[in-house]
Amino acid sequence: MHERSSVAELAGVLRAELQRYSPGEKLPSSRDLVARHRVSPVTVSRALALLAAEGLVVTRPGAGAFRAEPAARTGGDGRTGDTSWQEVALCAPASADAVPRTVDASGILATLAAPATDMIELSGGYLHSALQPERALSVALGRAGRRPGVWDRPPIDGLAKLRAWFAREISGPTGRLTAADVLITAGGQSALNTALRALAAPGAPVLVESPTYPGLLAVARASGVRPVPVPMDADGVRTDLLAEAFQASGARVFVCQPLLQNPTGTMLSEQRRAEVVRVARAAGAFVIEDDFARRLAHEDAPELPRTLAADDPDGTVVHVCSLTKATSPSLRVGALAARGPVRDRLRAIQVVDSFFVPWPLQEATLEFVGSPAWPRHLRAVAAELRRRRETLVSALATELPELPPARVPPGGFHLWLTLPSGVDEAAVVRAALRAGVSVAPGRPSYAAEPPGPRLRLSFAGVAGPAELVEGVRRLRTAFTGC
């Protein structure tokens, strides 16, 4: 069982036990729940957060958690509503051939929840606050908020200057994309959701790398599409198997991360870059290029290849990128780039979903990326990520030589570890939490059965190198006890 399952299971137990308490009555303390259910403090905290989000529990800092007062929900005739019918309606497939949707945000919620104060977070997906350009962003937002008209409705597609900036960033020297090809989105996750909904009908197969980003699998399953894994090797996705997968499945979409793939850190080789687009074009399919890590290259990284979109004349590639990973979790500004009729489909889906990205946030982004603070920030992040990567690799070699990383990537946040055969991945994750360090299990990264136990360690969300070393020491304690 991985951590998100532990959180969901504990939340289910507590949900059932709520009937024992009167509205407003205090629940057992977090310490009591840790001892009674033999879970970590962070699991208790996240389970209570889930119940609070459902309106079942109220948490009061310094006082504890309490059963929430029942909300009065009545119709115009005074009758209390009954929403239990939705449990059936939301699970029923649209037809006999459709793939039932699986709306499971537990893994994402577990990642987004703030860790307990005594927990070392090696499972996060964002820069630690010490690495975020908070002062520069605050200045940019202050200036943007004072501009005339900035609180009015923005253009649906996004501000023209910001779209032009993204077009230049995505195209590079080829100049293939223009502002007219770009839509501004509320971050990368929103862009992926829009792209999948626009390109794949419910029940359709969608090809994905194996392993892949767990958030992509969550979006795919919530959209009712069927993720079909395509294996990778040291050069990225196996293009021979990609061609076979298109033919066997009839898929019309392939989602990939050619640059510093999450979770493996793999770089798609130069030869396969062209082959991926050629194979997809031959199958009459789209490639969704998730370029999440381009601004996370380390100080010693080689020159990065161009985006797939930059070398695609036929509109095969739909490009997704975001500024969130390289700046702050709250700077949820990204872009979708596409050429041809598909761009109108993407626009229509985005309008239905979110209308537009707030104007002040777009203006603040333009202010920030146009200032000297932006290149300074990227240089600082590149240097610090390299230092942290080297620290984590060294600490693993000293404390856990039996867990060598599959590769040491020149960018991104993560190391991908293979556990010894026969080791229980979920048990290691649980033991790590009890030892005070959170790590990400490998299982959620696979659309089908994984080839073996894996762990993903992040080095971006901790306060500094010393905390990385301590985190590995705690992980050694957990691993030794399994």
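The values are calculated or read from the model by the stated rules, or taken from the named source; none is laboratory data. Remember, predicted model here, so these are calculated numbers, not experimental data. Ideal geometry is used to build each Cβ from the backbone, glycine not excepted, and the neighbour counts take in all protein chains shown.
Table for the structure above
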quantity: Test: residue 307 is hydroxyl-bearing (Ser, Thr, Tyr), assigned to a loop (DSSP other than H, G, I, E, B) and touching a His at 6+ places or on another chain (Cβ under 9 Å); calculated: yes
quantity: Residues (within 13 Å of residue 430 (Cβ to Cβ), of a type in the set (A, V, I, L, M, F, W, C) and out of contact with any Pro (no Cβ under 9 Å at 6 or more places or on another chain)) located in region 2-43; calculated: 7, 10, 39
quantity: Enumeration of residues in region 406-462 that are over 20 Å from the mean Cα position of the chain (by Cα), within 19 Å of residue 257 (Cα to Cα) and buried (at least 24 other Cβ atoms within 10 Å of the Cβ); calculated: none
quantity: Only listed residue being out of contact with any His (no Cβ under 8 Å at 6 or more places or on another chain), crowded, with 22+ Cβ neighbours inside 10 Å and not charged (D, E, K, R), chosen from 191, 160; calculated: 191
quantity: Candidates 310, 251, 326, 243 - the one that is over 25 Å from residue 189 (Cα atoms) and either buried (at least 21 other Cβ atoms within 10 Å of the Cβ) or out of contact with any strand residue (DSSP E or B) (no Cβ under 8 Å at 6 or more places or on another chain) (or both); calculated: 243
quantity: Hey, residue 153 modelled with pLDDT under 90 and buried (at least 18 other Cβ atoms within 10 Å of the Cβ) or not; calculated: no
quantity: Residue list for region 259-275, filter: more than 24 Å from residue 439 (Cα to Cα) and under 23 Å from the mean Cα position of the chain (by Cα); calculated: 268
quantity: Helices (runs of 4 or more DSSP H) fully within region 1-104 counting 3 or more residues that are closer than 27 Å to residue 119 by Cβ and modelled with pLDDT of 60 or more; calculated: 3-17, 30-37, 41-53
quantity: Residue match in region 439-454 (condition: in contact (Cβ under 8 Å) with a residue 40 or more places away in the chain, in contact with a Lys or Arg (Cβ under 9 Å, 6 or more places away or on another chain) and more than 30 Å from residue 207 (Cα to Cα)); calculated: no
quantity: Considering residues of region 194-230 that are of a type in the set (D, E, K, R) and crowded, with 21+ Cβ neighbours inside 10 Å only, the residue farthest from residue 267 (Cα to Cα); calculated: 197
quantity: Residue list for region 234-250, filter: over 10 Å from residue 209 (Cβ atoms) and free of Cβ contacts under 8 Å to residues at least 12 places away in the same chain; calculated: 240, 241, 244, 248
quantity: Which numbered condition residue 365 fails, given (1) surrounded by fewer than 20 Cβ atoms within 10 Å (Cβ to Cβ); (2) under 22 Å from residue 163 (Cα atoms); (3) among the hydroxyl-bearing types (Ser, Thr, Tyr); calculated: (1)
quantity: Test: residue in region 463-479 that is aromatic (Phe, Trp, Tyr), more than 18 Å from residue 266 (Cβ to Cβ) and either crowded, with 20+ Cβ neighbours inside 10 Å or not assigned by TED's automatic domain parsing to the domain that holds residue 298 (or both); calculated: yes
quantity: Close pairs (8 angstrom Cβ cut-off, 6 or more residues apart or separate chains): in the same structural domain as residue 159 (by TED's automatic domain parsing) and more than 15 Å from residue 130 (Cα to Cα) in region 323-341, modelled with pLDDT of 90 or more and among the acidic types (Asp, Glu) anywhere; calculated: 337/181; 338/181; 339/181
quantity: Matching residues in region 118-154 - criterion: being of a type in the set (A, V, I, L, M, F, W, C) and either in a helix (DSSP H, G or I) or under 30 Å from residue 458 (Cβ atoms) (or both); calculated: 119, 120, 122, 127, 130, 131, 136, 137, 139, 140, 141, 144
quantity: Test: residue in region 280-293 that is part of a helix (DSSP H, G or I), without any contact (Cβ under 8 Å) to a residue 60 or more places away in the chain, in contact with a strand residue (DSSP E or B) (Cβ under 8 Å, 6 or more places away or on another chain) and buried (at least 18 other Cβ atoms within 10 Å of the Cβ); calculated: yes
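Results for (1) polar (S, T, N, Q); (2) touching a strand residue (DSSP E or B) at 6+ places or on another chain (Cβ under 7 Å); (3) modelled with pLDDT of 90 or more, shown as yes or no for each residue.
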| residue | (1), (2), (3) |
| --- | --- |
| 157 | no, yes, yes |
| 163 | no, yes, yes |
| 176 | no, no, no |
| 181 | no, yes, yes |
| 189 | yes, no, no |
| 198 | no, no, no |
| 202 | no, no, no |
